[in-house]
Every structure is written in structure tokens, then in C-alpha cells.
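**Student:** Starting off with a structure, shown below.
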């Protein structure tokens, strides 16, 4: 009984997630990913070492005037990590400034500036 219920919930969740993803589309996902990366870059330029998912979501709301689901932020962050545009540094755990929970925040990887010839 419980396994059947779990399978139904999981199937329903998968369907809802798939519909939501299809509704955003590839261009929407790229916009979201670029916006999340821009938020992280701006935060680091302004002195932040790293950001939690909730901190990114909060900055998104301030910047865009609307909320973004933390799950959506998580998906875009995962895409950016896979593309080596964001990183989670080993051992860089800290308390989230919003939730107070221990998180493994993300940051923009340092890139070497062009060498002068």
C-alpha cells in the first residue's frame, strides 16, 4: 500500500516537474541560468564570498520584482556547475543567512586574466 502510494506521488511529481520544465523552455532556462550567474558575479564583486540557493533566490526577487522557486534556482545552479561556470568549494560549508541551515554555497570560479605580451 505504502509503496503504491509512493509510486503514485513520485509519478505525479515527475509529471508536474516535466510539465514545468517544458513550460519554461530552453530559452527560459538559459535566461534563468544567465540571471543566476549574473547575480553570483555581482555579489562576489560586492564582497560576498559565495551564495546559498536561498540567498540567490532573495537577490533574484529584489532584482526582478518577483519570486523564483528555490527548486528552480537549484536546477539552474546544477546546470551552471556542470558547465563549470559555478563551483562548490570543498569544505566551504556555512550557515545560510536566510534559513540559518548549514549549506554548501556556490561561487564563481576564479579565472586568470589574460597575460600581457
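Here's the yes/no breakdown for (1) free of Cβ contacts under 8 Å to residues at least 12 places away in the same chain; (2) crowded, with 17+ Cβ neighbours inside 10 Å; (3) in contact with a helix residue (DSSP H, G or I) (Cβ under 7 Å, 6 or more places away or on another chain):
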{"residue": "34", "(1), (2), (3)": "yes, no, no"}
{"residue": "62", "(1), (2), (3)": "yes, no, no"}
{"residue": "68", "(1), (2), (3)": "no, yes, yes"}
{"residue": "78", "(1), (2), (3)": "yes, no, no"}
{"residue": "81", "(1), (2), (3)": "no, no, no"}
{"residue": "85", "(1), (2), (3)": "no, yes, yes"}
{"residue": "91", "(1), (2), (3)": "yes, no, no"}
{"residue": "106", "(1), (2), (3)": "no, yes, yes"}
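**Student:** Is it the case that segment 19-37 has a residue that's modelled with pLDDT of 95 or more and touching a strand residue (DSSP E or B) at 6+ places or on another chain (Cβ under 7 Å)?
**Tutor:** No, because not a single residue in segment 19-37 is modelled with pLDDT of 95 or more and touching a strand residue (DSSP E or B) at 6+ places or on another chain (Cβ under 7 Å).
**Student:** Residues of segment 93-104 being out of contact with any strand residue (DSSP E or B) (no Cβ under 8 Å at 6 or more places or on another chain) and loosely packed, with under 13 Cβ neighbours inside 10 Å, which ones? Let's see the steps before the verdict.
**Tutor:** Initial filter on segment 93-104 (out of contact with any strand residue (DSSP E or B) (no Cβ under 8 Å at 6 or more places or on another chain)): 97-100, 104.
Hit for segment 93-104 is 100, nothing else.
The values are calculated or read from the model by the stated rules, or taken from the named source; none is laboratory data. Keep in mind that this is a model prediction, so the values were computed, not measured. No Cβ is skipped: glycine too gets one built from the backbone with ideal geometry, and neighbour counts run over all protein chains shown.
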